[in-house]
Number of protein chains: 2
Amino acid sequence: MTASLSVTFETSPEHYKHWKLTVEDHVATLAMDVREDAGLRPADYKLKLNSYDLAVDIELADVLQRLRFEHPAVHAVVVTSLKPRIFCAGANIFMLGSSGHGFKVNFCKFTNETRLGIEDMSANSGVKFLAAVNGICAGGGYELALACDEIYLVDDGSAAVSLPETPLLGVLPGTGGLTRVVDKRKVRRDVADHFSTLSEGVRGKRAVDWRFVDRVYPTSQFKQAVEKRVQELAAQSDRPASGPGITLGPLSPSIDGDVIQYTYVRGAIDRGKRTCDLTISAPDTPQPATAADFVKAGDQAWALCAFRELDDAILRLRLNEPEIGTVILRAVGDPAAVLAVDAALLANKDHWLVREIINHIRRTLKRVDLTARTFFALIEPGNAFAGTLFELALAADRAYMVDHADEANTMALSAANGGLYPMSNGLTRLQTRFLGEPDSIDRALEHADPFDAQEALEAGLVFSSPDDMDWDDEVRLAVEERTAFSPDALTGLEANLRFAGPETMETKIFGRLTAWQNWIFQRPNAVGERGALMVYGREGRPSFDWRRT
Amino acid sequence: MTASLSVTFETSPEHYKHWKLTVEDHVATLAMDVREDAGLRPADYKLKLNSYDLAVDIELADVLQRLRFEHPAVHAVVVTSLKPRIFCAGANIFMLGSSGHGFKVNFCKFTNETRLGIEDMSANSGVKFLAAVNGICAGGGYELALACDEIYLVDDGSAAVSLPETPLLGVLPGTGGLTRVVDKRKVRRDVADHFSTLSEGVRGKRAVDWRFVDRVYPTSQFKQAVEKRVQELAAQSDRPASGPGITLGPLSPSIDGDVIQYTYVRGAIDRGKRTCDLTISAPDTPQPATAADFVKAGDQAWALCAFRELDDAILRLRLNEPEIGTVILRAVGDPAAVLAVDAALLANKDHWLVREIINHIRRTLKRVDLTARTFFALIEPGNAFAGTLFELALAADRAYMVDHADEANTMALSAANGGLYPMSNGLTRLQTRFLGEPDSIDRALEHADPFDAQEALEAGLVFSSPDDMDWDDEVRLAVEERTAFSPDALTGLEANLRFAGPETMETKIFGRLTAWQNWIFQRPNAVGERGALMVYGREGRPSFDWRRT
């Protein structure tokens, strides 16, 4: 987590280079206007035609976050472009071609999370999205439109939506495009197959008939139709009444060598062991109890601040520290303070701001689920693994809890564990954990007192409860063993074991689609010297090994 | 489809080298006794410790098929081993290490289909499976046991079940193991995580407590417990009463250069175009109408014979012809004859043999869905795309139907399309196709007359209906375009577009698990010079690139 060569995920409106946000009453307009020379690596590629790289997407994620917290009156958003006759050309191909495998995979994961964040806002924040596609809308550009509730396309004889990845680049539209086309928009599979091999895409009435967009309008009527429709979408919003929003200030962690310190989160890397100690602290100051308190506390409320910090730490770890394969999770401090926060969140969950805080915690926990790192939670005396923080232990691949002879060591559940934070499979972490013994869920939730180590083990809430004599050795051995395994096998293993039970569009995007895209992203047919992704825009044609697998 | 270097998938009991089948009343015992020197490439590896390669699995698939058709009185099967203290050591590692990527992927696909075939027999043929694990049961060996309804393990102090792929080989237990552990046996994810990193596995009471096996018995009681339980399972069977079974004779296709000719199926490869013309003929002789007729016709009934041939042709294509990326599907002959077969299948669907024929057609169609080749169906005058054969057009990525000015050209549905052949997502092909417009399903099924090209297009049953003047060009261009795309991107594209709608354990195995395994199977950490799969059993330790993605 050193700053060298590292990507940071924080930005703010005064630093935006690629997006313009305007807000009028209940409607926001989010317009893409990518600065060609302001990508992450300007020397390597130019962001032409509203193509994007991670820098553009970090801004988009930030805008969405500010719409949630700073603009509570916004009920609908128009996503469009300020460039004439260009909506968005998708992820920048020269960026992809010049990026390593791990970066490509993490770039796609982040963009997927951001687009799913749009659908999360529609479902859980009551903010509806209308893509106003005013021109070329290709690949990742169309995938952005697909994440919106509805897509309006201008009918000017040239504007088209397309997924040209396969014909032009030999890869997939991997930011949810294939999944959303057949599962969200329910395009017929033969039509979707044809469309996904058509570099020029479809436009006009055919795009509507085939379900790729909802409406088309001639240029003269487009703006008006979009304005009318977004007002209708805003009227469908269930966003609660609000006063002014709160301001999301900078997190400003201090970084000292391999240690990153936020207010409530601390990450410390041990490069020799390839581990990161990630510790989250319970609140140690009075926390909001009423909705008015939450508004007053703003971004300083622990529930928001601590999970913003955790989110940031996880993102930095993913992108900047690929060799750090194991995260040792600890929660420290007063568990009663966490349980009090849970009670306050639940009591005020219909208030606009509290709802957004809960939404944010849920998304951050999903980010943990989807992080290709091993998480081991260590539950030791002084721990604060209670309620919302215990979700982190449930998100971990394993939780170890010391059974201490002399010191008290307990963990606790709260009503928050009963349904506040469903995973991407639609189940709570307790439901996923206890697929085979659903009775254990109610039994655990009805257990009003904290669990000691033996009780937690018997309730199936932790993996192992060594006594304090064995603790250090058992934990050390488990970590040493883990860090010695093939990092690829662990990534596949965790991706398969973490999401038992039903699949959803979200899990399909991260399971099926992403796994295939990762496979293709390694194949010489894409990334070899004459691979399609490498020769694009240069002279000559790709050269393929024709063997199908 | 030349014979050179090619794998054939036909075998029969008199040729078995690796499995012993004994049948006593309603119970069969299927015992693994792998001949070390009788693998596919005996010079490259020995099949020690009941490890298996494709040859062993081809036999297993054959035994299962014969249990379905030749042994209709069998209601339950014990799967065990004849080797003392060894059940099965899993897929042979030296075989994997010395196989190319495409072979590994296709080997895993076939073994997955065979294991899913066991679950299919339990669900749809009423044949229950009990794994009697009498010793070491590792990796693919445990995955075979997991496919059974129940697992009994001997408790002799050493017999254990394990999934040691990750710790020993740096790959996944990719034959459904990870999925079945959490989704079928509903093992808790932290326990599954621990287990999947434990090279020695678990045994005894712990194996039961953790849900990895159903029962353990000391050696002295094991045989008796298995015998008792399998009788109970047999009593749960819903297999209809039957007389003697039918005999599955050899298919005996004639192979002439790049043409393979069966009775009803013909495959002709064009190596220049990298295509295969695959044609299935409607029956041209009287077909069974009653259950007794079906028994009398045996393996010569068109419904069984034609789909056995199709299955064989698809398997040969997958393994032996990797460069042939596009299959042009045709059905020719009298559609009325196909519809008459459908009527006979439906009228007798509760008869044991007819049920098995329907099951076999369903599995063969699934094999098409899961084949990493593009399928284009061409519907031309003289076609027999009706009912069951129209399922092939629905399984295809696209169907083209000529709108002929002079010649009649129609296709037809039957009640068989309404539910006889669900896909692995649990939906019929019509349901998957019309996710976005479910009314179209009933409308199409109620359309009693055959559809002409315009009607089929309007009903959404075909992708395109060019007139006869444009037909040759349109089809030629579509095929030429298709065969020019990256074969990897097409594999990923098709795997994502073919399975819209719900996911099941089966689709999770082929989507999520297989895609991750394919990814890992290409990574230097597994298959590089110092990859874990390559150095296994040799001197030295694997060398990993520690970057997680």
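The values are calculated or read from the model by the stated rules, or taken from the named source; none is laboratory data. Computed from a predicted structure; not experimentally measured. Reconstructed Cβ throughout: ideal geometry from the backbone, glycine too, with neighbour counts over all protein chains shown. These accessible areas exclude ligands, DNA and RNA; they are computed on the full protein's heavy atoms, side chains included. Shrake-Rupley method; radii C 1.70, N 1.55, O 1.52, S 1.80 Å.
Figures for the structure shown
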| item | result |
| --- | --- |
| Residue that is closer than 30 Å to A:F107 by Cβ and in contact with a Lys or Arg (Cβ under 6 Å, 6 or more places away or on another chain), where the choices are A:I260, A:I280, A:I324, A:I269 | A:I324 |
| Per-region count, region B:47-84, residues assigned to a helix (DSSP H, G or I) and out of contact with any strand residue (DSSP E or B) (no Cβ under 7 Å at 6 or more places or on another chain) | 13 |
| Scope region B:500-523; condition more than 17 Å from A:L493 (Cα to Cα) and open to solvent by 10 Å² or more (accessible area, probe 1.4 Å); matching residues | B:G501, B:P502, B:E503, B:T504, B:E506 |
| Count - residues of region B:315-357 that are among the charged types (D, E, K, R) and not in a helix (DSSP H, G or I) | 6 |
| Members of region A:511-525 that are in a helix (DSSP H, G or I), more than 7 Å from chain B (Cβ to nearest Cβ) and touching a residue at least 24 places away in the same chain (Cβ under 8 Å) | A:T514 |
| All positions within region B:476-516 that are aliphatic (A, V, I, L, M) and within 21 Å of the chain's Cα centre (by Cα) | B:L490, B:L493, B:A495, B:L497, B:A500, B:M505, B:I509, B:L513, B:A515 |
| Filter pass, B:E321 being acidic (D, E) and within 14 Å of chain A (Cβ to nearest Cβ) | yes |
| Complete set of residues in region B:96-126 that are at negative phi and out of contact with any helix residue (DSSP H, G or I) (no Cβ under 8 Å at 6 or more places or on another chain) | B:S98, B:G100, B:G102, B:S122, B:A123 |
| Members of region B:420-448 that are free of Cβ contacts under 8 Å to residues at least 12 places away in the same chain, open to solvent by 40 Å² or more (accessible area, probe 1.4 Å) and not aliphatic (A, V, I, L, M) | B:P438, B:D439, B:D442, B:E446 |
| Some residue of region A:451-472 being at the interface with chain B (Cβ under 7 Å from one of its Cβ atoms), touching a residue at least 40 places away in the same chain (Cβ under 8 Å) and outside any helix (DSSP H, G or I) | yes |
| Options A:Q231, A:Q221, A:Q236: the member that is over 30 Å from A:R355 (Cα atoms) and more than 14 Å from every other protein chain (Cβ to nearest Cβ) | A:Q221 |
| Lone unmet requirement of (1) outside the structural domain of B:A297 (by TED's automatic domain parsing); (2) outside any helix (DSSP H, G or I); (3) closer than 30 Å to B:K349 by Cβ for B:V230 | (2) |
| Tally, over region B:412-447, of residues that are more than 14 Å from every other protein chain (Cβ to nearest Cβ), touching a Phe, Trp or Tyr at 6+ places or on another chain (Cβ under 9 Å) and more than 19 Å from B:D369 (Cβ to Cβ) | 2 |
| Filter result for B:Q221 (out of contact with any Ser or Thr (no Cβ under 7 Å at 6 or more places or on another chain), free of Cβ contacts under 8 Å to residues at least 12 places away in the same chain and surrounded by 12 or more Cβ atoms within 10 Å (Cβ to Cβ)) | yes |
| Every residue from region A:156-167 that is more than 7 Å from every other protein chain (Cβ to nearest Cβ) and of a type in the set (S, T, N, Q) | A:S158, A:S162 |
| In region A:168-198, the residues that are at the interface with chain B (Cβ under 8 Å from one of its Cβ atoms), under 26 Å from the mean Cα position of the chain (by Cα) and of a type in the set (K, R) | A:R185, A:K186 |
| Total residues in region B:142-195, condition assigned to a helix (DSSP H, G or I) and either touching a residue at least 24 places away in the same chain (Cβ under 8 Å) or open to solvent by 10 Å² or more (accessible area, probe 1.4 Å) (or both) | 21 |
| Complete set of residues in region B:309-336 that are crowded, with 19+ Cβ neighbours inside 10 Å and of a type in the set (G, A, S) | B:A313, B:G325, B:A331, B:G333 |
| Members of region A:482-510 found to be polar (S, T, N, Q) and more than 7 Å from every other protein chain (Cβ to nearest Cβ), listed by number | A:T483, A:T504, A:T507 |
| Every pair of residues 6+ apart whose Cβ atoms lie under 6 Å, when the first sits in region A:35-58 and is over 23 Å from A:Y142 (Cβ atoms) while the second is among the polar types (S, T, N, Q) | A:D44/A:S98 |
| Some residue of region B:200-218 being under 27 Å from the mean Cα position of the chain (by Cα), within 27 Å of B:E113 (Cβ to Cβ), crowded, with 24+ Cβ neighbours inside 10 Å and at the interface with another protein chain (Cβ under 10 Å from one of its Cβ atoms) | no |
| Residue list for region A:34-53, restricted to those being on the phi < 0 side of the Ramachandran plot and crowded, with 23+ Cβ neighbours inside 10 Å | A:V34, A:G39, A:L47, A:S51, A:Y52, A:D53 |
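Matching residues to (1) within 7 Å of chain B (Cβ to nearest Cβ); (2) in contact with a Ser or Thr (Cβ under 6 Å, 6 or more places away or on another chain); (3) at positive phi:
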position	(1), (2), (3)
A:V527	no, no, no
A:R530	no, yes, no
A:G537	no, no, yes
A:D545	no, no, no
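Let's see how each residue does on (1) among the polar types (S, T, N, Q); (2) buried (at least 22 other Cβ atoms within 10 Å of the Cβ); (3) assigned to a helix (DSSP H, G or I):
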residue	(1), (2), (3)
B:I255	no, no, no
B:G272	no, no, no
B:P288	no, yes, no
B:D299	no, no, yes
B:A303	no, yes, yes
B:F307	no, yes, yes
